[in-house]
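One structure below.
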Amino acid sequence: QVQLVESGGGLVQPGGSLRLSCAASGSIFSIGPMGWYRQAPGKQRELVATIGSGGSTNYADSVKCRFTISRDNAKNTVYLQMNSLKPEDTAVYYCNVRQWIPGIKSWYDYWGQGTQVTVSS
């Protein structure tokens with residue numbers, strides 16, 4: 001089992017910045033991609049950004065050039081630096097970690113509890 005603990009959410013004015021962190025603990029082995037997703041009220045959960053174990057990144061078009069995802073493999077932690085925040089970025093942000101399970105030859109997804117980000121003046 002892998003446990004994920006998120007931190008860093010809050011209320012920020014438009015144009016402001018926040019940094020989210022997600023630390024993984026427990027049975028840490030064969031950790032692969034890590035990422036952030038978000039879900040706004042009345043909408044489906046959507047991908048924000050992912051980062052592979054080697055550092056390759058992928059971003060939603062809506063956050064490119066504003067958000068930066070990074071990871072510290074030694075600390076089993078993934079970060080999301082969010083700059084130039086807009087009201088439409090308001091959502092609950094969820095951390096995701098994928099772990100390779102040899103017994104089933106497949107990835108298993110772990111999710112954080114979610115952290116609220118509110119962008120409002």
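Put VAL119, VAL92 in order of accessible area, highest first, and with a 1.4 Å probe you get VAL92, VAL119. Pairs of lysine residues in the chain that meet both criteria, 8 or more places apart or on different chains and Cα atoms under 29 Å apart, total 5.
Only the Cβ atoms of Lys and Arg (+1) and of Asp and Glu (-1) were treated as charged; on that basis the dipole of the chain about its Cα centre amounts to roughly 100 debye.
Heavy-atom surface analysis with a 1.4 Å probe gives the chain a carbon and sulfur content of 49 percent of its accessible area. Loop-located trypsin sites (Lys or Arg not before Pro) in the range 20-121 (DSSP state not H, G, I, E or B) with no more than 16 neighbouring Cβ atoms inside 10 Å: LYS43, ARG45, LYS64, ARG66, LYS75, LYS105. Extension gain, ILE101 to SER62, is 10.8 nm, computed as 0.36 nm per intervening residue step minus the present C-alpha separation.
With all protein chains kept in place, the per residue accessible area of the range 1-76 amounts to 55 square angstrom at a probe of 1.4 angstrom. Put the Cα centre of the range 1-31 next to the Cα centre of the range 77-121 and the gap is 7 Å.
The values are calculated or read from the model by the stated rules, or taken from the named source; none is laboratory data. The shown structure was predicted, so the numbers you read here are calculated from the model rather than taken from an experiment. Virtual Cβ from ideal backbone geometry, glycine too; neighbours counted across all protein chains shown. All accessible areas refer to the heavy atoms of the entire protein, side chains included, with ligands and DNA or RNA removed. Shrake-Rupley method; radii C 1.70, N 1.55, O 1.52, S 1.80 Å.
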